[in-house]
1. If you scan the stretch 221-262, which residues turn out to be more than 20 Å from Ala284 (Cα to Cα) and small (Gly, Ala, Ser)?
2. Taking the stretch 260-284 on its own, how many of its residues are part of a helix (DSSP H, G or I) and more than 15 Å from Thr243 (Cα to Cα)?
3. Filter the stretch 160-200 down to residues that are free of Cβ contacts under 8 Å to residues at least 24 places away in the same chain and polar (S, T, N, Q), then give me how many there are.
4. Given the stretch 166-255, what helices (runs of 4 or more DSSP H) lie entirely inside it while holding 2 or more residues that are hydrophobic (A, V, I, L, M, F, W, C), open to solvent by 40 Å² or more (accessible area, probe 1.4 Å) and under 30 Å from Gly105 (Cβ atoms)?
5. Filter the stretch 256-292 for residues that are among the polar types (S, T, N, Q), open to solvent by less than 50 Å² (accessible area, probe 1.4 Å) and under 26 Å from Ala190 (Cα atoms) and give the result.
6. Can Leu295 be described as modelled with pLDDT under 90, more than 16 Å from the chain's Cα centre (by Cα), open to solvent by 20 Å² or more (accessible area, probe 1.4 Å) and under 30 Å from Ala171 (Cα atoms)?
7. So is Ser66 assigned to a helix (DSSP H, G or I) and at pLDDT below 85 or not?
Amino acid sequence: MSRFTDDADTSEIGTPQRASGNCFVVDIRVSLKRWLIKTSRNPFVTFSSLVQPIIFFVLMAEVFGSIAGGTLSQTLGDEINYVTYLTPAIVIQSALAAAAVSGIGLVDDIETGMFEKILVSPMNRGAMFLGKVLSEVVRIAIQTVIILVLGYAMLFLQSAASVETYLQTGAIGAIGIIGIAVIFGGVFMAYSNIVALVTRDREATIMIANLLTFPLLFVSSAFLPLSVLPGWIRTFAVFNPITYGVDSIRSLMLGQDTLSVLHVTVFSGFWDAVIPSLIVLLGANVALGGIAVRLLTRASRADVQ
């Protein structure tokens with residue numbers, strides 16, 4: 001008997017079945033669309049994940065550009081403009097801001113009862129949560145492109161000659177930067193959802209996420225080379241995912257190895273920074289992602305029961 005006949009016969013006796021057109025990919029698309037629409041209607045998320053990093057970019061470049069110029073000349077050479085040096089930090093900050101609020105949507109679903117409704121629906125649970133993750137990926141990718149274009153525009157306004165040193169690895173490097181930003185974002189998406197599932201409270205999720213994520217920017221190589229920072233910051237930066245995200249993107253920007261916490265010579269050029277950083281970030285994704293999935297599975301079972 002065909003699959004469609006089985007579905008029809010089963011439905012006649014009153015057992016609910018998945019619509020025959022619903023597949024894993026369709027469920028992902030439905031979930032992705034839902035989360036994109038939900039995010040676009042939340043002004044707090046839009047401001048914190050996009051507008052805030054742009055404001056921070058302009059202010060940091062204007063306020064610290066002249067001060068940091070001498071430090072950069074000593075460490076990376078006279079030809080490196082502070083806007084070029086700062087752009088990777090703003091890309092990571094933008095991805096961090098987007099990922100840190102990922103758990104808020106989950107808390108909203110839990111508080112409004114939508115979480116339980118989705119769990120008892122015929123939608124595939126894996127597709128449901130993958131769609132949520134992909135919505136964050138889309139947002140991070142768009143934000144990264146905007147930040148890269150903004151950095152280019154700022155350099156052009158300062159001096160057209162500086163534009164030549166902006167992105168040494170070209171279009172391939174730009175694609176790599178977007179990929180690193182997405183992978184980095186995955187670390188803090190998992191962290192944010194862990195906080196959301198543990199607290200199940202919107203305010204607590206926001207406070208705990210911001211309490212950890214924002215200070216981490218200043219104990220990394222984001223804004224200044226680690227060589228000019230205090231020793232305790234250099235020690236802490238080794239265990240800070242932001243350091244690996246910033247240094248790998250900066251290496252793609254400058255076309256050279258700028259990894260400041262590890263000395264790797266197995267590969268060549270900027271790959272000595274990019275590959276080790278990717279390994280660290282992927283490892284953090286697996287570790288935190290595993291915890292998030294475990295908590296999510298436990299929460300799903302409890303809510304269904």
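The values are calculated or read from the model by the stated rules, or taken from the named source; none is laboratory data. Model, not experiment: these values are computed from the prediction. Here the Cβ positions follow ideal geometry from the backbone for every residue, glycine too, while neighbour counts run over all protein chains shown. All accessible areas refer to the heavy atoms of the entire protein, side chains included, with ligands and DNA or RNA removed. Shrake-Rupley method; radii C 1.70, N 1.55, O 1.52, S 1.80 Å.
1. Ser227, Gly231, Ser251, Gly255, listed by residue number.
2. 1
3. Qualifying residue count, the stretch 160-200: 0.
4. So the answer is 170-199, 202-218.
5. Ser277, Asn285
6. Answer is no for this residue.
7. yes
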